[in-house]
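Below: the structure, in structure tokens.
The values are calculated or read from the model by the stated rules, or taken from the named source; none is laboratory data. In this text, all values refer to a predicted model and were calculated from it rather than measured experimentally. Neighbour counts are summed over all protein chains in view; Cβ atoms, including those assigned to glycine, are modelled from backbone coordinates with ideal geometry. Calculation scope for accessible area: heavy atoms of the full protein, side chains included, ligands and nucleic acids excluded. Shrake-Rupley method; radii C 1.70, N 1.55, O 1.52, S 1.80 Å.
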Amino acid sequence: MAHLFIRISKACNIKCPLSNNIHSLLQIRNYGTKVNLKRTCLYNFHKEEGAKVVPFAGWEMPVQYKTSISEEHLQVRKACGIFDVSHMLQTRIDGIDGIKYIESMVVSDINALKDNQGTLTVFTNDKGGILDDAIVNKVRDGYLYVVSNAGCADQDLAHMQRKELAFQKDGSDVKLSIIDNALIAVQGPDMVKALQPGIDFDLKDLLFMTNTTSKVFGIDSCRVTRCGYTGEDGVEISIPQSGAHQVVSSLLSSPHASVKMIGLGARDSLRLEAGLCLYGSDIDETTTPVEANLTWLVSKSRRPRLDFPGAKTIVDQIKFKPVKRRVGFLSSGVPIRGGSKIYTEDGDEVVGQITSGSPSPSLKGKNISMGYISQGLVKNGTKVKIGVRTKFVNAEVTKMPFVPSNYYFK
């Protein structure tokens, strides 16, 4: 994988201290070569904007544009950025048994959601391992709108289709369909200034993890969800493909805010600062929600019922604590990369492993990372050493997110 990254870096002329972060980003499952790669409906637009395009999860995606990844990162923190996330899987679940169907695969209480409200959740296997993370929205019109990762799209779809068939064979009323829309994320403190003039509702009424349909800059039938992967206030907009270019162009030409296109490189460093997991790096089939410090996703109403995959393992870990847990680390000096070993403060014993790491553009002079460490060492302030090549780097366990989140709750 290292030689592939070097080749991509040279081809894309990526010269940035965040390249360690791109290295981990491009190591996720389903990393592609230039064979049978898909393109989003905005691909030509990205090329016109000067994007450096790389294979990612079976797609040709922009890793950065004409500026550096650090500059793109800070653009989102200080103003507003647009990400093309059309490679993510969007599905719709219809039928009176739709909630029962989705709850047979995830750990959250979907039935308890209000109309047009959503939640982050995880698909789990029978051992409690995480198959993928997703956002499930309960739509007022009587269906569920689900967004899950591009890197797991084929597996997620196959899993959901198998479960759909099993439910239908038992006489349940459920139907799964793919939503073939573009999907963009508009993130940053100036999102409202840029988007409000182009929609037909007041963004003050759209709280974090709620959604609505709207005309967006003249394009009908768009779904606007207040969420994102950066820690900033933002929305994701599902748009009919024919209207995606118009919506993006309108946002970029906003007279009210500075809006720029942002690539996958900055998306990864932003989510890391926000303490958010990347599937295939920080969570996978070998980690449970409890180990991943995502216990809050496991609805308290469902724990006694043990009615989700891997429930016994997960609930036992909630009660008795897991052997390892995901935590954050702060350090300085040499940046830390995913895969690095974590040692005790004296360097004598391996006690964990880093899953993601990067210099922090927002915390100048600081490197941030996350990884799994033995349960007895998870307390904030615990000092450890992390192996980077042939040297040790001093680090300290710290709370996440690394920078304050700015989600809109009103």
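Work out the charge dipole of the chain with +1 on the Cβ of Lys and Arg and -1 on the Cβ of Asp and Glu about the Cα centre, then indicate which of Q187, S70, G129 is farthest towards its positive end.
S70
Evaluate Rg over Rh across the chain, taking Cα atoms for both radii and Kirkwood's formula for Rh.
0.96
Tell me, what is the percent relative contact order of the chain, built from C-alpha pairs under 8 Å that lie six or more residues apart?
Numbers: 923 pairs, mean separation 72.8, N = 410.
Relative contact order of the chain: 18 percent.
Name the aspartates and glutamates eligible as straight-distance cross-link partners of K52: C-alpha to C-alpha under 19 Å, and not fewer than 8 places from it in the same chain.
E60, E71, E72, D84, D268
Kindly sort W296, W59 by accessible area of their heavy atoms, largest first, with the probe set to 1.4 Å. If you can, show how the numbers build up before the last one.
Details: W296 170, W59 35 Å².
The ordering from most to least exposed comes out as W296, W59.
Using a Gaussian network model on the chain with a 10 Å cutoff between Cα atoms, which of D180, D348, D132 fluctuates the most?
It is D348.
Local charge sum around T119 (other residues, Cβ-Cβ under 9 Å, Lys/Arg +1, Asp/Glu -1)?
On the way: positive: K138; negative: D109.
Summing Lys and Arg as +1 and Asp and Glu as -1 gives 0.
May I ask you to give the solvent-accessible area per residue for the chain, in square angstrom, as obtained with a 1.4 angstrom probe? The partial results should precede the final answer.
Details: 17500 Å² over 410 residues.
Solvent-accessible surface per residue comes out at 43 Å².
In whole percent, and with a 1.4 Å probe on the protein chains, what portion of the accessible area of the chain is carbon and sulfur? Can you show the working numbers first?
Values: 8880 of 17500 Å².
Percent of accessible area from carbon and sulfur atoms in the chain: 51.
Explain nothing, just the number: dipole magnitude of region 169-242 about its Cα centre with +1 on each Lys and Arg Cβ and -1 on each Asp and Glu Cβ, in debye rounded to the nearest 20.
Numbers: 7 positive and 11 negative charges, 16 e Å.
Roughly 80 debye for region 169-242.
Quote the charge dipole size of region 25-125 about the Cα centre in Debye, to the nearest 20; the model charges only the Cβ of Lys and Arg (+1) and of Asp and Glu (-1). Kindly include the intermediate steps, with their values, before the conclusion.
Working: 12 positive and 11 negative charges, 79 e Å.
Roughly 380 debye, rounded to the nearest 20.
Using only helices, what value at 222 nm comes out for the chain when you add -39,500 (n - 2.57) per DSSP H run of length 4 or more and divide by the total residues, to the nearest 500 deg cm²/dmol?
Numbers: 10 runs with 91 residues, N = 410.
Helix-only estimate at 222 nm: -6500 deg cm²/dmol.
Over 30 Å between Cα atoms: which of K300/K385; K47/K341; K100/K319; K260/K383 fall into that group?
From K300/K385; K47/K341; K100/K319; K260/K383, over 30 Å: K300/K385; K47/K341; K260/K383.
Specify the residue with the greatest mean-square fluctuation among F392, F308, F123, computed from a Gaussian network of the chain linking alpha-carbon atoms under 10 Å apart.
F392
For K204, list the lysines whose Cα falls under 16 Å from its own Cα; do not include residues on the same chain fewer than 8 positions away.
In chain and number order, the partners are K193, K410.
Hey, got a sec? Which trypsin sites (Lys or Arg not before Pro) in region 252-328 land in a DSSP loop and have at most 16 other Cβ atoms within 10 Å? Let's see the in-between values first.
Details: sites: K260, R267, R271, K300, R302, R305, K312, K319, K324, R325, R326; in loops: K300, R302, R305.
Here the trypsin sites (Lys or Arg not before Pro) that fit, given the DSSP loop and packing criteria, are K300, R305.
Run the dipole for the chain about the Cα centre, Lys and Arg Cβ at +1, Asp and Glu Cβ at -1, nothing else charged, and hand back the magnitude in debye, nearest 20. Write out the running numbers ahead of the final one.
Details: 51 positive and 42 negative charges, 209 e Å.
The calculated dipole for the chain is roughly 1000 debye.
Looking only at P361, P62, P240, which one moves most when the chain is put into a Gaussian network model with springs between Cα atoms under 10 Å?
Of P361, P62, P240, the most mobile in the Gaussian network model is P240.
Would you list which lysines come within 16 Å of K364, measuring only between C-alpha atoms, while excluding same-chain residues fewer than 8 positions from it?
Straight-line reach from K364, under 16 Å: K78.
Sorted by accessible area with a 1.4 angstrom probe, largest first, how do R223, R140 fall?
Numbers: R223 20, R140 145 Å².
Greatest to least solvent exposure: R140, R223.
Check G352: other-chain or 5+ apart residues with amide H under 5 Å from its amide H, H built from backbone geometry?
Counting only residues 5 or more places away or on other chains, the set is I342.
Of the options G198, I99, M370, report the single residue whose Cα projects farthest towards the positive end of the charge dipole of the chain (beta-carbon charges: Lys, Arg +1; Asp, Glu -1).
Farthest along the dipole direction, towards plus: M370.
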